[in-house]
Amino acid sequence: MNVSKPTERQTNQSSIKLLQIMECLAEQRTPMRVQDLAKKVNMTQATVLRYLYALQDAKYIYQDTETSRYALTWRVCRLSENLNSFLSLRNITTPFINSLANTLSLGVCLVVNQNDECMYLDCIDNPNSPTLQRIGKKAPLHATGSGKVLLSQYTDLQLKEYMENKGLTKYTEHTTIEPDILREELTKVRQQGFGMDEQECELGLRCISMPLRDYSGNIAAAMSVFGRLDDMCDQRIHAEIYPALKEAAATISSRLGFAPDDGESQAQIKTTGGAK
């Protein structure tokens with residue numbers, strides 16, 4: 001008997017077709033005709049009907065008796081509810097945070113946006129240079145690497161309201177307090193795919209942060225690696241820290257359902273300031 005090696009595993013096309021049909025139905029606001037659905041997913045009507053019958057038997061879709069059109073039932077919501085009950089963001093990220101901290105011997109944290117502030121959902125401190133970061137602690141968005149990543153998805157109006165409501169408090173001599181400069185920094189974060197904290201919140205501390213994107217493409221959280229200037233020089237960030245953090249962030253985002261466009265460009269790291 002021939003057993004295929006894992007690297008030679010064939011993709012189950014039937015499963016992919018089934019998911020394509022469910023995703024297409026989920027995107028529609030109203031029930032769909034079979035011919036319209038078949039056109040959307042690029043399948044024959046006979047093929048689509050075969051999958052629709054299976055989904056209908058499993059109670060994941062229903063057929064409108066008057067129009068004969070198909071739509072998802074709320075049964076699909078149970079999958080999401082079950083997922084959320086045992087697979088939280090922290091459950092997904094903890095192994096990666098532990099691995100990065102152990103491999104790099106640096107601090108690593110997971111940050112979410114809570115009421116226009118950074119809230120530390122998880123954090124492993126750097127034993128060589130303890131910081132003020134603690135689980136549950138909050139920090140300003142404009143003065144941290146993670147905060148800049150989270151701010152980078154704000155619209156112009158949201159950013160304006162943030163600056164008016166929260167202000168741009170100066171925490172160190174390096175903190176950005178000019179609105180135009182902050183806008184420039186956020187543009188850079190969007191272009192390069194990561195944010196930096198150059199002693200802007202705490203003197204002597206440097207940080208690089210990357211976004212964790214969910215199935216919608218939105219930034220659900222940010223993950224950062226931080227440490228002393230001597231431990232976070234440009235050369236080490238470029239050669240070791242950036243690649244490790246980028247790989248972890250990409251894997252976590254994938255587990256959150258994010259699927260980047262095929263043509264999406266990959267940002268190249270360019271660090272400035274801080275220790276050399």
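Any read-out appearing in this document is the output of simple, stated calculations on the displayed coordinates, not a laboratory observation. From a predicted model like this one, the values you see are computed outputs, not experimental measurements. Using ideal geometry, Cβ is built from the backbone for each residue, glycine included, and neighbour counts are taken over all protein chains shown.
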Subtracting the Cα-Cα distance of D261 and E161 from 0.36 nm times their residue separation yields 32.9 nm
Distance in nm between R78 and I16 label points, each 7 Å along Cα→Cβ, equals 2.9
Would you mind computing, in nm to one decimal, how far apart the modelled labels at D230 and T169 are, each placed 7 Å from Cα along Cα→Cβ? 3.1
What does the charge count around L203 come to, taking other residues whose C-beta lies under 12 Å from its C-beta (Lys +1, Arg +1, Asp -1, Glu -1)? -3
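Would the range 20-112 count as rounded, prolate or oblate if I go by the C-alpha gyration tensor, calling it rounded below 1.5 in a/c and otherwise prolate when a/b exceeds b/c, oblate otherwise?
Working: a/c = 3.80, a/b = 2.79, b/c = 1.36.
Prolate shape, in that a/c is at least 1.5 and a/b is the bigger ratio.
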What are the ³J(HN,Hα) values, in whole Hz, obtained from phi via the Karplus relation 6.51 cos²θ - 1.76 cosθ + 1.60 with θ = phi - 60°, for each residue of the range 152-166 in sequence order, with x given for Gly and Pro? 5, 9, 6, 6, 4, 5, 5, 5, 4, 5, 4, 5, 6, 7, 9
According to a simple spin-label model (label point 7 Å from Cα along Cα-to-Cβ), what is the distance in nm between T65 and A26? 2.9
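How much length, in nm to one decimal, is gained on full extension between S216 and L49, taken as 0.36 nm per residue of separation minus their Cα-Cα distance?
Values: separation 167, 0.36 × 167 = 60.12 nm, distance 2.81 nm.
Additional length available on full extension: 57.3 nm.
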With the cut-off at 29 Å, tell me which of the pairs K39/K188; K17/K246; K166/K188; K40/K148 have Cα atoms farther apart than that. K39/K188; K17/K246; K40/K148
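Rank by packing, highest mean first: peptides 96-105, 140-149, with packing defined as the count of other Cβ atoms within 10 Å averaged across residues.
On the way: 96-105: 16.6, 140-149: 26.4.
My ranking of the peptides, most packed first, is 140-149, 96-105.
Let me check I've understood the local charge: for M43, count other residues with C-beta under 15 angstrom from its C-beta, Lys and Arg +1, Asp and Glu -1. What total comes out? Can you show the working numbers first?
Numbers: positive: K17, R33, K39, K40, R50; negative: E23, D36.
Taking every Cβ under 15 Å from that of M43, the sum is +3.
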Charge tally for neighbours of Y60 with beta carbon under 13 Å away, counting Lys, Arg as +1 and Asp, Glu as -1, is +1
